Amino acid sequence: MDKHYVKLAVEGLKSSSSSRVQEALLKIRSKITINDAGIKLFRQCKGLDHLLPHLRKPNEKILDITLSILGNCCLEEESSLVVGKLNSFGPLVSILKTVCRDSIVGRACRVIGNLSQRTTNAEALHNHGVVTALVTLIENRDKNTSYPTLTMAVRAIRQLWMIIDKREEMLSVNAVRCVAILLTTECESAGIIKSTNPNRETEGIRKSQEELIVGILKCLGYFTTHATLQCAEQIQGDGRGYQCLVALTKTYESTALKCLMNLCYLSQCRPLLGTAGLVECLVGILQKISEVTWWPEGGARALAQLSGESVNRSRLRHCGGLPLLVAAARVHPSAMHALLQYVFDDTSFQILVNEGLISLLTDELTKYLTTMNYEHSNMENAEMLSETTNLLKVKENTENSIKLDSPSQAGSSATNSSETKGSLFMRRKSQLLSKNEDELKVIIERDNMIVGFVDAVDSDASDDSQSEDETPVLHRKCLKRARSGSPKLKSQLIKMASKDWSAGVYWEPKSPEWPSSTQPSGSRGALSPDRGDYGPLSPYSDGNQSGFSPEYRGFSNKRPKWDWSPESGVSTGEGSSASPYWTEYQWSPSSSGSPTSPFSVNEDSSDSEISGRYSPVCSETEGDAIDLAVAKNAAAELDAAQVAQDLDELIMDDDESVDEEVPLEEGANKTDISTKSSPIACVLVLLFRVSHGACNYGGIREDPVPNHTLELLTGKECLNALLDYIERCKRPLGRAARILARVLSNALCLMSILKHRLALRLHNMSVSSKHPPFKCTQCKQIVRLSAKLLAQLTILAESSYGIGEISYQLLKGSSAMKQTLSLTLPYIVRTEKPLKKYFIDCNALNFLFANIAESKEDIKDCVTALVKLATNVQIKDPKTLENRFKDKLCVSYDPILDNLAVDDIVTFELDDSSTVKANKLFLCQNSEYFSAMLMGCFKESVESCVRLTDVTKPALEYLFTLLHCGLNNSKSDVQVFPMAENLETNLEVLLLADRYLFDKLKELLSSAILQFQLTPENVDKIYIWSLSKGMGFLCVESVAYLLTGKMCETVRTRSFETILNLEYRDQWLDDIKGMIRRQLVK
């Protein structure tokens, strides 16, 4: 385009003739400002300087064309800034206020909208009162106001909204409300929503009207990114704003749904959104989409937000939204967090379980374990932490003493008394108040309450703030308000007073006194819009121009401002329990206290007849000895109630130790919901809730939950994942341990637990650890916990119910189940009658040896099972029975034949032609055998060299040495036994003593071999010798020692394998089997 041509057109704008000016304007609009190049050339030729004065002229035709050209020019950034510098804002506002012609007003709105795309221009327009003018234009519209004009006005308001500092000012002039009412009016006229005037006929929607509605929806989308209460109230308009948005989702699903989902971030709006039908609308939309990843952006987050109020939870349950929430939880952490809202609603929680909640939790836990490292600490670290804590305590005590000495603390004695009473109160909250990220801490907002799930269970009876004789006063649907010593400084805390799963759940009402952690305006955190004055930035907010709904980054519970829910109190509208105490449904929290066995101690059943329990002999001596509570008292009976109490005390000890580790910071008296929840926290809380729901029943014959729920809860993946977590986490006695304790206290779970061989895993955890238990606190706790859980399994397996179920499976079950039971029962059954019932009457003993003979199982597990079984049937370690000698010494043969006559010396020739000389008279005096041989009528009596077969020289010399020591004398009382260095020599002499009728010598030598040479390294050799050459000598003792002797499990297993690989395999198994059978039937 020729620049000269443009200059000529600009010169025409200077003319005083209206016709020439109009002609120049038409030329500029039709030929010059039709593209960016023309606009740029027009600006360079100072065309804008001469164009803007025409905004002040009364000629409407010139004004109309001028606004059209100006609107095109303002699309180009530089031109828009130039127009702003030329002070065009005043004339534009005046046009809106004074001109009545619709086309001119529409073009003026277009110019304002284009100018507002630049921040400086938008701020200047705000200062000139353009928002008020636009609001007045929309509110005073009449039948002459066209839809395009309204569309441009709404667009201008949307652009002006982008100035964050001016939003409160726009709200003060009801800019949002007027746009919302405009939408409601248009939807009513188009028949989208029901008209308030029944006689009014609805008109069909026109294209221009449709464009207006789309523009309004887009504008509301921007409004909802600044989700404050005032903004949300104005979007409601005349009370039908939310209803109108819900209705528009049928036609404009994407835009309308984004507006609604953004409003879900305000807790005050959610009940009204539910009344408007958002829950059913959203569920209907999401149900049509098979994959969660294909859902509209923010859909899963909206479901999670809607779960915060009781009315919407009820709607979600009735319209089928809970399955969607479970599906969303597999992808979106916010949905997983929202599942916690349903733990107090029995009906809803049952639906979640039926929809695969347990599988979801198991998968999430397994996924978390893939990246979880060991969080153990050794003794050195613990000592350093203890030292630091002590220093802090000393410092705190010093400061307190200084304060007490000051005159201002004259009345401090009363204050100290109240603080003492509130100390336990604060200790209970210490974990909830902790700023540190803790995998055990979860906080949610529910029905105008702050609900904290803390992994700490304290008995109410121990609380000084309430005596045992006091009856708690129940307020607001069975919630007990704990008394605080300083109500002005501490907000009241509501605790569910029971020892069930919810004993670690803390309820705290929100109040204006609570501090708010305001997020900086420049932050881009993944927070709900209602959490701060500036709110989170959604994709369509000022810092992000890509969408509407606030973005969720990571698994965070940080919130910069409190979320006041509607004044609905505690949830009563869910169609289920009015409080977490309601126990009619099967998923109600148990009120039975800590995990206990389902069998009464005084139950009049066959259990009471099962007596004479035998504690196994502790044979795991590898490494340092581990002090297990189960093995402390070998003669004590396993009492179901006592085992459960010990297990509970073990976990409670952990709570107290954790409370003492980190001192509570001064002034930390309110729950901070801005702390970050660990990804695993929600999973553990939900599994904890499931475990109590499944285990909550009064008798063993009452099935409280569907069988498939128990199968999933006690599935191999779930149980092993929990154990893996316990082995790695910082607090092994935390919530995961409580879950297992609950499961293992349920008789209905017994067969599934045995089926998955949990007993083997628990045994391995009780005898081995990642670190030495005396150096690692976590490993020590894991060892103790595993032993306690095994004791709990023992209670179930030895109960009437357990005996019946296990016996049935051993008699009628599948071969795989019989194989599993025969292997696992020795680990947990310790009492005489159940052992006899299972292994003799139900043939489990034969199944176990069949497993070994056919190599169906790992040999190590089989050996350990045999050891446990042998210990339980009281097969004793033979070394403990042989303690006859104080010591041993090695000797050599020295016959001392120098002073003897030749006839008094006898020479024995052996098979290898070697010879041994001996005192003939001595032999004849000490042995009837040699007396008959050398002094009798046999040919050897006249021979000077006597031939002996099947004797080695070392053995014969050692035999004569023992005779010289007087060991064949019945009155011999030797304290130090003369031993041969070689085991084979001792064993051969044992045979020779029997062959030559040295009974006393045989007895003493046998005892010496058992006491000094029956060792883990030699026991298999002794047994093999017994079968091959030893005529059964020491066979029983070696078998018993291999079963119950103190040795490393690796060495024991190796000895077993050595024998099993020889030709004595069958005899070996028969010997063990026969020994155990004799003990069982004895």
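Quick look at the numbers
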read-out: Single residue of Lys888, Lys837, Lys879 found to be in a helix (DSSP H, G or I) and in contact (Cβ under 8 Å) with a residue 60 or more places away in the chain; value: Lys879
read-out: Test: residue in the range 76-89 that is surrounded by 14 or more Cβ atoms within 10 Å (Cβ to Cβ), small (Gly, Ala, Ser) and assigned to a loop (DSSP other than H, G, I, E, B); value: yes
read-out: Single residue of the range 962-1015 satisfying the filter (under 17 Å from Lys879 (Cα atoms) and among the aromatic types (Phe, Trp, Tyr)) that is surrounded by the fewest Cβ atoms within 10 Å (Cβ to Cβ); value: Phe1012
read-out: Boolean, Ser1038 is buried (at least 20 other Cβ atoms within 10 Å of the Cβ), among the small types (Gly, Ala, Ser) and within 26 Å of Asn872 (Cα to Cα); value: yes
read-out: Residues of the range 300-314 satisfying the condition of being within 26 Å of the chain's Cα centre (by Cα) and in contact (Cβ under 8 Å) with a residue 40 or more places away in the chain; value: Arg301, Ala302, Gln305, Leu306, Gly308, Glu309, Ser310, Arg313
read-out: Residue ranges of helices (runs of 4 or more DSSP H) in the range 238-341 with at least 3 members hydrophobic (A, V, I, L, M, F, W, C); value: 241-248, 253-263, 278-287, 299-306, 322-329, 333-338
read-out: Exclusive hit being touching a residue at least 40 places away in the same chain (Cβ under 8 Å), assigned by TED's automatic domain parsing to the domain that holds Lys917 and part of a helix (DSSP H, G or I), set Leu963, Leu1005; value: Leu963
read-out: Set Ser267, Ser254: member being touching a Pro at 6+ places or on another chain (Cβ under 8 Å) and either acidic (Asp, Glu) or modelled with pLDDT under 90 (or both); value: Ser267
read-out: Single residue of the range 313-368 satisfying the filter (polar (S, T, N, Q) and within 22 Å of Arg446 (Cα to Cα)) that is surrounded by the fewest Cβ atoms within 10 Å (Cβ to Cβ); value: Thr347
read-out: Candidates Ala108, Ala124, filtered to the one that is over 20 Å from Lys218 (Cβ atoms), surrounded by 20 or more Cβ atoms within 10 Å (Cβ to Cβ) and small (Gly, Ala, Ser); value: Ala108
read-out: Matching option when the condition is β-branched (Val, Ile, Thr) and surrounded by fewer than 17 Cβ atoms within 10 Å (Cβ to Cβ), among Val173, Val179; value: Val173
read-out: Residues (surrounded by fewer than 21 Cβ atoms within 10 Å (Cβ to Cβ) and in a helix (DSSP H, G or I)) located in the range 160-170; value: Ile164, Asp165, Lys166, Glu168, Glu169
read-out: Qualifying residue in the range 977-997 (condition: farther than 24 Å from Ser931 by Cβ, out of contact with any helix residue (DSSP H, G or I) (no Cβ under 9 Å at 6 or more places or on another chain) and either modelled with pLDDT under 90 or assigned by TED's automatic domain parsing to the domain that holds Ser892 (or both)); value: yes
read-out: Pick from the range 761-807, criterion charged (D, E, K, R) and within 23 Å of the chain's Cα centre (by Cα), ranking: modelled with the lowest pLDDT; value: Lys770
read-out: Residue check for Leu48: touching a Ser or Thr at 6+ places or on another chain (Cβ under 6 Å) and among the aliphatic types (A, V, I, L, M); value: no
read-out: Residue within the range 38-50 that is assigned to a helix (DSSP H, G or I) and under 60 Å from the mean Cα position of the chain (by Cα) present; value: no
read-out: Neighbours by Cβ (under 6 Å, 6+ apart or cross-chain): first from the range 73-85, more than 17 Å from Leu125 (Cα to Cα); second part of a helix (DSSP H, G or I); value: Cys73/Ile39; Cys73/Ser79; Glu76/Asp36; Glu76/Ile39
read-out: Flag for Arg317 being without any contact (Cβ under 8 Å) to a residue 40 or more places away in the chain and of a type in the set (D, E, K, R); value: no
read-out: Test: residue in the range 227-239 that is closer than 28 Å to Leu325 by Cβ, in contact with an Asp or Glu (Cβ under 6 Å, 6 or more places away or on another chain) and among the hydroxyl-bearing types (Ser, Thr, Tyr); value: no
read-out: Qualifying residue in the range 916-926 (condition: surrounded by 13 or more Cβ atoms within 10 Å (Cβ to Cβ), outside any helix (DSSP H, G or I) and at pLDDT below 85); value: no
read-out: Considering residues of the range 223-260 that are buried (at least 21 other Cβ atoms within 10 Å of the Cβ), farther than 20 Å from Ile193 by Cβ and of a type in the set (A, V, I, L, M, F, W, C) only, the residue nearest to the chain's Cα centre (by Cα); value: Ala227
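Rundown of residues vs (1) assigned to a helix (DSSP H, G or I); (2) of a type in the set (Val, Ile, Thr); (3) surrounded by fewer than 21 Cβ atoms within 10 Å (Cβ to Cβ), yes/no style:
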residue: Ile782; (1), (2), (3): yes, yes, no
residue: Ser786; (1), (2), (3): yes, no, no
residue: Leu793; (1), (2), (3): yes, no, no
residue: Leu796; (1), (2), (3): yes, no, no
residue: Glu805; (1), (2), (3): yes, no, yes
residue: Leu811; (1), (2), (3): yes, no, yes
residue: Met817; (1), (2), (3): yes, no, yes
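For (1) basic (Lys, Arg); (2) in contact (Cβ under 8 Å) with a residue 40 or more places away in the chain; (3) in a helix (DSSP H, G or I), each residue gets a yes or a no:
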residue	(1), (2), (3)
Asp994	no, no, yes
Leu997	no, yes, no
Lys1000	yes, no, yes
Tyr1023	no, yes, yes
Leu1027	no, yes, yes
Met1031	no, yes, no
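Per-residue answers, yes or no, for (1) modelled with pLDDT under 90; (2) under 24 Å from Leu160 (Cα atoms):
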position: Asn35; (1), (2): yes, no
position: Gly38; (1), (2): yes, no
position: Arg43; (1), (2): yes, no
position: His54; (1), (2): yes, no
position: Ser68; (1), (2): no, yes
position: Leu86; (1), (2): yes, yes
position: Pro91; (1), (2): no, yes
position: Gly106; (1), (2): no, yes
position: Arg110; (1), (2): no, yes
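The values are calculated or read from the model by the stated rules, or taken from the named source; none is laboratory data. Since the structure is predicted, the reported quantities are computational estimates derived from the model, not experimental observations. Because the Cβ atoms are built from the backbone with ideal geometry, glycine has one as well, and the counts that use them run over all protein chains shown.
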